[in-house]
Amino acid sequence: MRLIGNILWLILGGLEIAFAWLVVALVLCITIVGIPLGVQAFKMAKLTLTPFGTHVVYGGGAGSLLLNIIWVVLVGLWMAIGYCVAGLVNCITIIGVPFGIQSFKMAKLALWPFGSQII
């Protein structure tokens, strides 16, 4: 079932979103200051490619907390809102509920990426 979900996800737009995250990550990694943000964008691209069957484990210390606060203020809040809107739109139909759940998973990661791991 995970395989079918991931294939449908990629066909219905996941591949384009993952490619966009990859481009953002590469642009951010051009500068030394942007490398930590680029690593988080690579993490989002990875989750966007195969969201079904993966879990996000949150952790980290004080450094991750500080970086997450900066991330939320700069971009995280708007990305999380976008993913939540997409999740709500997907949940309108019964068929879209699994995709909505994955959008909510990505919204949480988009809001708080530092210190998290995708398993």
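The values are calculated or read from the model by the stated rules, or taken from the named source; none is laboratory data. Keep in mind that what you see is a predicted model, and the values were worked out from it rather than measured. Glycine also receives a Cβ, built like all others from the backbone with ideal geometry; neighbour counts cover every protein chain displayed. To get the accessible areas, we keep the full protein, side chains included, count just its heavy atoms, and leave off ligands, DNA and RNA. Shrake-Rupley method; radii C 1.70, N 1.55, O 1.52, S 1.80 Å.
Figures for the structure shown
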{"read-out": "Semi-axis lengths, Å, region 1-118, gyration tensor of Cα atoms, sqrt of 5 times eigenvalues", "value": "25, 15, 13"}
{"read-out": "Top of 20, 45, 80 by mean-square fluctuation, Gaussian network on the chain, Cα under 10 Å", "value": "20"}
{"read-out": "Interchain or long-range residues, amide H under 5 Å from residue 116's placed H", "value": "59"}
{"read-out": "Long-range amide H partners of residue 56 with built H, under 5 Å", "value": "119"}
{"read-out": "Label-point gap, in nm, between residue 46 and residue 1 - each point 7 angstrom along Cα→Cβ", "value": "2.6 nm"}
{"read-out": "Accessible-area composition of the chain, carbon plus sulfur, in percent [1.4 Å probe]", "value": "82 percent"}
{"read-out": "Sites residue 39 and residue 108 - FRET efficiency at Förster radius 22 Å, r taken between beta-carbons, to 0.05", "value": "0.80"}
{"read-out": "Burial order of peptide ranges 47-60, 23-36 (average beta-carbon count within 10 Å, highest first)", "value": "47-60, 23-36"}
{"read-out": "Relative contact order of the chain, defined on C-alpha pairs under 8 angstrom at six or more residues apart (%)", "value": "28 percent"}
{"read-out": "Estimated vicinal HN-Hα couplings, Hz - region 72-81 in sequence order (Karplus 6.51, -1.76, 1.60; Gly, Pro = x)", "value": "4, 5, 6, 9, x, 5, 5, 5, 5, 4"}
{"read-out": "Two-site label geometry, residue 27 and residue 117: point separation in nm, points 7 Å out along Cα→Cβ", "value": "3.1 nm"}
{"read-out": "Radius 15 Å from Cβ of residue 84, net charge of other residues (Lys, Arg +1; Asp, Glu -1)", "value": "+2"}
{"read-out": "Cα-based helix-to-principal-axis angle, 62-71 vs the chain, degrees rounded to 10", "value": "70 degrees"}
{"read-out": "Whole-Hz ³J(HN,Hα) from phi, Karplus 6.51 cos²θ - 1.76 cosθ + 1.60, for region 106-119, glycine and proline x", "value": "6, 5, 5, 5, 5, 7, 9, x, 6, x, 9, 10, 9, 10"}
{"read-out": "With Cα atoms, 0 to 90° folded angle of helix 35-49 axis to the chain main axis", "value": "10 degrees"}
{"read-out": "Highest-fluctuation residue, 12, 22, 37 considered, GNM on the chain with Cα pairs under 10 Å", "value": "12"}
